[in-house]
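Some notes on the structure that comes next.
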Amino acid sequence: MGTETGEGLRGRERGAFALLLAASVAIALAAIFAFDYLPTHDGPQHIYAIHAKQHLGDPGNGYARFLEAGRPLTAQGFAAIFGPFDQVLSWRDAYRAALACMLLAWIFGAAVLAHVLSPQRVWLGLALGGAGFSWSLYMGFFSFYVATAFGLWVLAFAAACDFDRATSRAGLAALLLVQGWLHIFPAALTGAVALLLCVAKSAPDARLRTLLRAVPVGLPLALLALLIVMGRGEQTELLGRDASSWQSQWTGIALGAKALLGGPAWRAFGLPLLAAALLATALLRMRARLSPCDGVLIAAGVVAAVAGFAAPLHLIGWDFFSLRFLPLALACSLLAFPLEGVDERTRGFVATVCAIVALANPLWAFDYNRELDRVAKPALQALDLPLERSGPRLAVVMDPGLAAVDDPASTAMPFAVPLLNLGQLYATAQGGFPADTFAISPATHQVLIRDDAPAFPPYPDRSFVFSLAREEAEGERSDVREKFASYAASFGAGFEDVVWFGRPEDHALLEARGFTFDHREGGLAIARFMGCPLTVDFGDPPRRELEIELGWFPLLESSGRQRVAASASGPVELIGAPCGPVWLRVRTAGEVHAGASTRSGACRGADAEGRVVLRDTRATPNVRCELDAG
């Protein structure tokens, strides 16, 4: 490929490379199989969706009550690997096997691409392969990761193939289409670079003809992208150029580097700085030795890096948009260096640095995975309990593994909250349909909510855990945890059970509010809401239809509303009433959302907002409400 020499590694150097590659692979696999489960941010969502899709027909798990199989056009990368394993192994063993395959695809893809560019560049590929435990893996962007790893193999094919042959063009078109099926975004980036590599390889006077031949090669992928955009049903316009969605240059550089590999500064910045240093050296001192293909890789690396640091962090319906350019930026920038064109001493120095990087990165990942395993074990301890669930399930994760909420660049893995999707793991192991499941996008999701699914209960916005973390860090109120715990627990009445992970003292609040426990140990509880009986007696039948609001005092938000027909006789039993303090508000039906007075139809003795506060429903299970004439 336009290199000074096509010679491969010799004798002792070849043996050293093989030994180091084997060591890198062994450490990476140990970092997976030494632990029961690798916690990631979105990973549980994908595990549950694929597992549920493949077990919709199993009796007792309730999946088919709520879900139907999706047929996504893209984002199939993780399903292609995890799905077959999940058919024959337990979901945890299938998960570890899938992660191992993903890492091997990345490690060997980097080595193969480097070797195709020049056999001497395999040392650069070794360093790139050591970056397999990347930010996107810990974020659980599994299909994106699979497609990005597959893209290394696609680039290797493009760099090696004879583009003048129709079979090569057909093969490249097929590979790009498969990559688009795995995940469309890496495929779009890879496709552009791959086709430009094919043009750059051709003779200068044949490049226009090659470019014209490249158009039909990329057409199937372009049509797939068009179908995905048309079927996505979600807007992707910019959120706006504000501090939360459009990065400043410095924020982009600091956050972008951490969101490529993550970890301490030496790991987050080490490999990107090595790539930048080699790129600068190539441009300033070795420009004459750069091949046209090297020029394509350099241009692609620079453009992708600029996009990663300067593009909007989020698009509507698509989080972390800009950071998805960075893996390609690193791969292209690092492998573009013409290592075959330097003297033996310099090559030995670069090879040594690459070997250190290739071993240090997975070694750090092993230690980090061990810490994640330690943190997650208390939350996962009940996964193997013989519980069977088939209804809606609510996971409340009061302590999901947050760190430095307001400064993501200071954390080991920015934005990663490893226990946030805990409910999906329990639903995978025990059945049921958890809140906040990815099941709404026909273009990308493995399962979809059925049109005839039972009504799903309201559930809390999970972002409350970020507010809780901030207020607890400020330490201004002693009751802040009780406030947020009451807020989350107030939704539990509508669910078959609640998987609660927080602190042991949280369980006392649940018990006081009427929850019973199927499991309780440490900060984990699997609880079912029983509540306390509560009735409202109006004495004489009401002359108009009423609506009763119920709230968990001291929270002011309503946890439920219940209609009472005009002329209804006898006490009205309230559904979902908790034990302990509550408030009631009775109003004329139809006026609750119409801006009517809060006292319209209220009970006598209610406060200015129309609320009647009961200090303990255990002590006051029956409430007499004499309607205010007003």
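The values are calculated or read from the model by the stated rules, or taken from the named source; none is laboratory data. Bear in mind that the values here come from a model prediction, so they are computed numbers and not experimental data. Cβ: placed from backbone, ideal geometry, glycine included. Neighbour counts: every protein chain shown. Calculation scope for accessible area: heavy atoms of the full protein, side chains included, ligands and nucleic acids excluded. Shrake-Rupley method; radii C 1.70, N 1.55, O 1.52, S 1.80 Å.
Quick notes
- Conditions (1) free of Cβ contacts under 8 Å to residues at least 12 places away in the same chain; (2) within 30 Å of Pro264 (Cα to Cα): number failed by Leu89: (2)
- Filter result for Arg10 (in contact with a Phe, Trp or Tyr (Cβ under 9 Å, 6 or more places away or on another chain), of a type in the set (Lys, Arg) and farther than 20 Å from Arg393 by Cβ): no
- Restricting attention to the range 418-442 and to residues that are of a type in the set (S, T, N, Q) and buried (at least 24 other Cβ atoms within 10 Å of the Cβ), the residue that is nearest to Phe464 (Cα to Cα) turns out to be Asn421.
- Filter pass, Phe349 being aromatic (Phe, Trp, Tyr), at pLDDT 95 or above, over 29 Å from the mean Cα position of the chain (by Cα) and open to solvent by less than 10 Å² (accessible area, probe 1.4 Å): no
- Count of residues meeting criterion [open to solvent by 80 Å² or more (accessible area, probe 1.4 Å) and among the small types (Gly, Ala, Ser)] in the range 216-225: 0
- Test set (1) open to solvent by 50 Å² or more (accessible area, probe 1.4 Å); (2) at pLDDT 95 or above; (3) on the phi > 0 side of the Ramachandran plot - Arg520 fails condition number: (3)
- Matching residues, the range 332-375, being out of contact with any helix residue (DSSP H, G or I) (no Cβ under 9 Å at 6 or more places or on another chain) and among the hydrophobic types (A, V, I, L, M, F, W, C): Phe349, Val375
- Ala331 being in a helix (DSSP H, G or I), touching a residue at least 24 places away in the same chain (Cβ under 8 Å), out of contact with any Gly (no Cβ under 7 Å at 6 or more places or on another chain) and open to solvent by less than 10 Å² (accessible area, probe 1.4 Å): yes
- The helices (runs of 4 or more DSSP H) found wholly in the range 118-215 and carrying at least 2 residues that are without any contact (Cβ under 8 Å) to a residue 60 or more places away in the chain and open to solvent by 10 Å² or more (accessible area, probe 1.4 Å) occupy 142-160, 166-182, 184-201.
- Unmet criterion (only one of (1) aromatic (Phe, Trp, Tyr); (2) open to solvent by 20 Å² or more (accessible area, probe 1.4 Å); (3) not in a loop (DSSP other than H, G, I, E, B)) for Phe456: (3)
- Close contacts from the range 311-322, counting a first residue that is under 19 Å from Tyr138 (Cβ atoms) and a second that is crowded, with 18+ Cβ neighbours inside 10 Å and of a type in the set (S, T, N, Q), with Cβ to Cβ under 7 Å and a gap of 6+ residues or different chains, come to Leu313/Gln247; Leu313/Ser322; Ser322/Gln247.
One line per residue, one yes/no per condition, for (1) in contact (Cβ under 8 Å) with a residue 60 or more places away in the chain; (2) in a helix (DSSP H, G or I); (3) touching a strand residue (DSSP E or B) at 6+ places or on another chain (Cβ under 6 Å); (4) among the acidic types (Asp, Glu):
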site: Ala18; (1), (2), (3), (4): no, yes, no, no
site: Ser24; (1), (2), (3), (4): yes, yes, no, no
site: Ala28; (1), (2), (3), (4): yes, yes, no, no
site: Leu38; (1), (2), (3), (4): yes, no, no, no
site: His46; (1), (2), (3), (4): yes, yes, no, no
site: Ile50; (1), (2), (3), (4): yes, yes, no, no
site: Leu73; (1), (2), (3), (4): yes, no, no, no
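- Verdict on Gly301 being open to solvent by less than 30 Å² (accessible area, probe 1.4 Å) and modelled with pLDDT of 95 or more: yes
- Only one of Leu555, Leu546, Leu534 that is open to solvent by less than 50 Å² (accessible area, probe 1.4 Å), among the hydrophobic types (A, V, I, L, M, F, W, C) and under 36 Å from the mean Cα position of the chain (by Cα): Leu555
- Restricting attention to the range 484-516, the residues being assigned to a loop (DSSP other than H, G, I, E, B) and out of contact with any strand residue (DSSP E or B) (no Cβ under 9 Å at 6 or more places or on another chain) number 1.
- Of the residues making up the range 475-514, those that are among the small types (Gly, Ala, Ser) and touching a residue at least 24 places away in the same chain (Cβ under 8 Å) are Ala485, Ser486, Ala488, Ala489, Ser490, Gly492, Ala493, Gly494, Gly502, Ala512, Gly514.
- With respect to the conditions (1) modelled with pLDDT of 90 or more; (2) in a loop (DSSP other than H, G, I, E, B); (3) open to solvent by 20 Å² or more (accessible area, probe 1.4 Å); (4) of a type outside the set (Phe, Trp, Tyr), Ala608 falls short on a single one, namely (1).
- Within the range 293-317, the set of residues being farther than 17 Å from Ala331 by Cα and assigned to a helix (DSSP H, G or I) comprises just one member, Ala310.
- Residue within the range 357-364 that is at pLDDT below 95, within 30 Å of Ala469 (Cβ to Cβ) and of a type outside the set (Gly, Ala, Ser) present: no
- Exactly one residue among Arg389, Arg462, Arg470, Arg481 is in a loop (DSSP other than H, G, I, E, B) and surrounded by fewer than 20 Cβ atoms within 10 Å (Cβ to Cβ), and that residue is Arg462.
- The set of residues in the range 558-575 being among the aliphatic types (A, V, I, L, M) and under 41 Å from the mean Cα position of the chain (by Cα) consists of Leu574, Ile575.
- Filter result for Arg370 (part of a helix (DSSP H, G or I), open to solvent by 60 Å² or more (accessible area, probe 1.4 Å), closer than 24 Å to Ala23 by Cα and basic (Lys, Arg)): yes
- Number of positions in the range 577-602 that are in a loop (DSSP other than H, G, I, E, B), open to solvent by less than 30 Å² (accessible area, probe 1.4 Å) and modelled with pLDDT of 90 or more: 4
- Considering residues of the range 259-298 that are under 30 Å from Ser202 (Cα atoms) and without any contact (Cβ under 8 Å) to a residue 40 or more places away in the chain only, the residue surrounded by the fewest Cβ atoms within 10 Å (Cβ to Cβ): Ala288
- Put simply, of Pro84, Pro72, Pro39, Pro59 the only residue that is buried (at least 24 other Cβ atoms within 10 Å of the Cβ) and of a type outside the set (Gly, Ala, Ser) is Pro39.
- Among the candidates Phe495, Phe529, Phe515, residue that is closer than 22 Å to Leu383 by Cα, in contact with a His (Cβ under 9 Å, 6 or more places away or on another chain) and crowded, with 20+ Cβ neighbours inside 10 Å: Phe515
- When we screen Gln430, Gln424 for residues that are out of contact with any Ser or Thr (no Cβ under 6 Å at 6 or more places or on another chain), of a type outside the set (Asp, Glu), more than 25 Å from Gln76 (Cβ to Cβ) and modelled with pLDDT of 95 or more, the only hit is Gln430.
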